[in-house]
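Down below is the structure, laid out as structure tokens.
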């Protein structure tokens, strides 16, 4: 065995555009989550000192400062469950996932609690800005979902 595949979902027999877009969304969300987690870790360490990997895991699960990141984790888990399933990925599922991400990752000072935290993160961390730009590129490749009449 030479190396472990970093994306266990890339070996599927489903090579549809819908699946490829969903995998791209998953990967962009994972990179963004990692940048946000590192940003929060640095902030926490400024106040409390060094945090080991084990302690970081406990903080991510239990500490209020990291709680807002659970939304991203849960989103990725839902995508992972769909990608791990036996059935082909439906175009509608991919479109609705991208539409949800587009709404969720709209950085704004006047949005919901997650959007406000996300807005603040973009203001504080250049790595988050770069990952957000990648997400926006992904969004721009997919037409916005039309609003119901």
What's the angle, to the nearest 10 degrees (0 to 90), between helix 126-140's Cα axis and the longest principal axis of the chain?
-> 20 degrees
In degrees, nearest 10, range 0 to 90: what is the angle between the Cα axis of helix 113-124 and the longest Cα principal axis of the chain?
-> 70 degrees
Correct choice for Rg and Dmax of the Cα atoms in Å that was computed from the model, options (i) 16.7, 54; (ii) 25.2, 93; (iii) 14.4, 43 | (i)
Mean ellipticity per residue at 222 nm, deg cm²/dmol - from DSSP H runs of n ≥ 4 across the chain, formula -39500 (n - 2.57) = -22000 deg cm²/dmol
Extension gain, residue 14 back to residue 87 (0.36 nm per residue minus Cα-Cα distance, nm) = 25.4 nm
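Readers should treat all values here as calculations from the given coordinates under stated rules, not as data from a laboratory. For clarity, every value in this text was computed on a predicted model and none was experimentally measured.
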